[in-house]
Amino acid sequence: MNTLLFIITANGGFYYDLFYLLAFLVGYILLIWIGVKQQYNLAVWLLVLAATRLLFILGTKLFSFSGQEWQVLLNQHYLPPATGKTLLGGLLLVSVGYFGIKKLLRLKTETLDAFALVIPLSITLQRPGCFLAGCCYGNVTTVPWGVQYLPGTLPHYHQFQAGLIQAPELYSLPVHPTQLYEALNGLLVVGILLLVRRYVKAPGNYLTLSFILYCFFRFFSEFMRSPLAHANGGTMVGGLIKIQWCLLAAILGLSVLFIFREKYTKPTSATNQPPAMAVMLMLLAGLVGITWGLRNWLTFIELLAINMALVPAVVFVSIYFFRHIFLPPFRWLALGILVLPLLLMSQTLPPAPEGAQPDKNKISSFSSFKVGFATGKYQNDHSVILSRGTDPNSSCDDQSITKYYQQKYTLQGAGYAYTKKREDTEVTYGLNAFAGKHQETEVPDNITFKQPVKTTLFGVNPYISYNAKWVGLGGGLVVGNLLISRENQDKEGTKPPTSANIKTPIYPQASIRVGPIRYFFMDYQLAQQFPSALPGLRHQLGVGSGFGLRNGSFLRGGITGMDDKFVSGQIILQNRIVLEPLYLWGTSHTPYERSQRQFSLGLHYRFNYQGGK
């Protein structure tokens, strides 16, 4: 039988984990982008994303339990090991749990629609992992695109158990690639939603329609999926499997809800009310507690996916908390207190499964993928000296004009790096890319703002760094459509200033460190901050310490070229995840003394470890 597709390896677990994390990462970035675009409170929104992520992963596992496993859970209060997952269970638990989260955090119904496109797109990204791993496979088929699997995969094992193949046979019988069918279903849902978006009026109905369409396409793809490929719900009842009956019930119920809400829901002008900080902290503590309590039941990849959303939520909620509680002079101390426990926790997290956590003493090289976000709002000025006075030693009788500007920007970025280690030295080659928006507004007085000048920023940043125990050096270039904020500089000229920024297509990057990171070091950085140090983080002079930790984590603080203060760090978890936060604060040197705020957060994932000889 001639088939076109073959799976040539039985080690599909790696591919499943890779696409599992990719789907969560892309979905998370998109949801953050939607939240920023819709001007949601970022701390609250990240808390929502962390809560829904945890609920989804728990739902995929809990609803895969058999009746006997549920009895063990309810009667003996013991969580049996969950070997399967069900996507519909995750969606069900998120749908139910979101209404409680919505009530606690005082969210508007419209926030539901943020998930409408992201959910089917994430399914599309994840299903190739199932395809390569061999789970969620289809019935035996004679179509030319049927897929055969090697021994050690579920299709081969189940066909052998059913007597369809003999043990020596190298490949399973061809089966429908239902995983790819479902990936296509996700794309169809996204396409239809984009076409009908303008016609959906009721808040929350965009997500309802997304669920209806997904259930509709999933119902038909189930005819080609093997009943044995289901963790639960694959039993035949009345000509259909249980999952199909559930899908029909969901389509009917959601359709009635959709029509009713489209007909009777009236638009409201209510605004989001910020939730009580005590509620936010209690919810955050609950998420951390549940994750910690279930750390031995969840897999390493599941914990990684949860912490991908939970760690940024901890950082942003903590910053939101200390900004509203602590007095401004002591905020730097508060942030240090909040970051330091994360730093120290990196040494006490539960160990990863054997083979998942690399031995840092045997690593010769590894790769890193990273994503990041940065935002800032600050003021600076630009003075132009039109003519000099008669006294060259005094500027009192100079004729000059000064204008004051407010700067505001948002950036997103991604990057890849390759690090090679040799004894106590590291050499890293990397490439970052970023894009975002910037606006500059002239401030004639403390109240009036003129029309802002908006600029789209983008750039790439190739770099190299060398780090030994006592010294570190780095260099690179930033190339693109760049802006550099002047540090309140004077300049001779014949025309009044029109901007406090400089446009340039290229800018150098450099860094130097003296002292061991593990104990105490001093450093200077020029245009070095992920995702980008431009426009407002050009100069950083800092001191830091790793507090004796051996994994490379550290906490650092210092001043910038505008005399603002900052605190930053590098927090390494299980030698895989790297969190890179920075918070800058200060008061502008303009007559209006407005607060300066800049923040960035980078999330790195290390992989492809190679051991030394």
All but one of (1) open to solvent by 20 Å² or more (accessible area, probe 1.4 Å); (2) touching a helix residue (DSSP H, G or I) at 6+ places or on another chain (Cβ under 9 Å); (3) of a type outside the set (Gly, Ala, Ser); (4) under 23 Å from Val96 (Cα atoms) hold for Tyr214; state the number of the condition that does not hold. (1)
Provide a single number: the residues in the stretch 289-304 that are surrounded by 14 or more Cβ atoms within 10 Å (Cβ to Cβ) and in a helix (DSSP H, G or I). 7
Being within 22 Å of Cys136 (Cβ to Cβ) and touching a residue at least 60 places away in the same chain (Cβ under 8 Å) is the filter here; which residues of the stretch 73-82 pass it? Pro81, Ala82
I'm trying to understand the selection: among the residues of the stretch 161-174, which are open to solvent by 70 Å² or more (accessible area, probe 1.4 Å), hydrophobic (A, V, I, L, M, F, W, C) and under 42 Å from the mean Cα position of the chain (by Cα)? Leu170
Please find, within the stretch 71-105, the residue that is nearest to Gly186 (Cα to Cα) out of those that are in contact with a Pro (Cβ under 9 Å, 6 or more places away or on another chain) and modelled with pLDDT under 85. Leu73
From the list Leu193, Leu248, pick out the single residue that is at pLDDT 85 or above and either part of a loop (DSSP other than H, G, I, E, B) or within 19 Å of Asp113 (Cα to Cα) (or both). Leu193
Answer yes if at least one residue in the stretch 593-609 is under 23 Å from the mean Cα position of the chain (by Cα) and of a type in the set (A, V, I, L, M), and no otherwise. yes
Mind checking which pairs have a first residue in the stretch 16-30 that is over 16 Å from Ala183 (Cβ atoms) and a second that is open to solvent by 50 Å² or more (accessible area, probe 1.4 Å) and modelled with pLDDT under 85, Cβ under 9 Å, 6 or more apart or different chains? Asp17/Thr299
For the stretch 259-266, does any single residue satisfy the condition of being closer than 30 Å to Val200 by Cα, outside any loop (DSSP other than H, G, I, E, B), modelled with pLDDT of 90 or more and assigned by the TED database to the domain that holds Val175? yes
If you go through the stretch 113-134 one residue at a time, do you hit one that is among the acidic types (Asp, Glu), within 21 Å of the chain's Cα centre (by Cα) and in a helix (DSSP H, G or I)? yes
Out of the stretch 554-566, which residues are among the hydrophobic types (A, V, I, L, M, F, W, C) and open to solvent by 20 Å² or more (accessible area, probe 1.4 Å)? Phe554, Leu555, Ile559
Cβ-Cβ below 6 Å, separation at least six or inter-chain, first residue in the stretch 417-436 and closer than 16 Å to Phe366 by Cβ and assigned by the TED database to the domain that holds Thr456, second at pLDDT 90 or above and of a type in the set (Asp, Glu): which pairs? Thr419/Glu426
Criterion violated by Val237 - all others in (1) within 34 Å of the chain's Cα centre (by Cα); (2) over 14 Å from Leu87 (Cβ atoms); (3) modelled with pLDDT under 90 satisfied: (1)
Kindly list, by first and then second residue, each pair from a residue in the stretch 160-187 that is without any contact (Cβ under 8 Å) to a residue 12 or more places away in the chain to a residue that is small (Gly, Ala, Ser) and open to solvent by less than 50 Å² (accessible area, probe 1.4 Å), limited to pairs with Cβ atoms under 8 Å and residues at least 6 apart or on different chains. Ile165/Ser172
Suppose we keep only residues that are among the β-branched types (Val, Ile, Thr) and at pLDDT below 75 within the stretch 305-332. Which one would you say is least open to solvent (accessible area, probe 1.4 Å)? Ile319
Counting just the residues of the stretch 419-462 that are at pLDDT below 90 and of a type in the set (Lys, Arg), which one comes out surrounded by the most Cβ atoms within 10 Å (Cβ to Cβ)? Lys421
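The values are calculated or read from the model by the stated rules, or taken from the named source; none is laboratory data. Nothing here was measured: the structure is a model prediction, and the numbers come from that model. Cβ sites come from the backbone with ideal geometry, for glycine too, and all protein chains shown count toward neighbours. Calculation scope for accessible area: heavy atoms of the full protein, side chains included, ligands and nucleic acids excluded. Shrake-Rupley method; radii C 1.70, N 1.55, O 1.52, S 1.80 Å.
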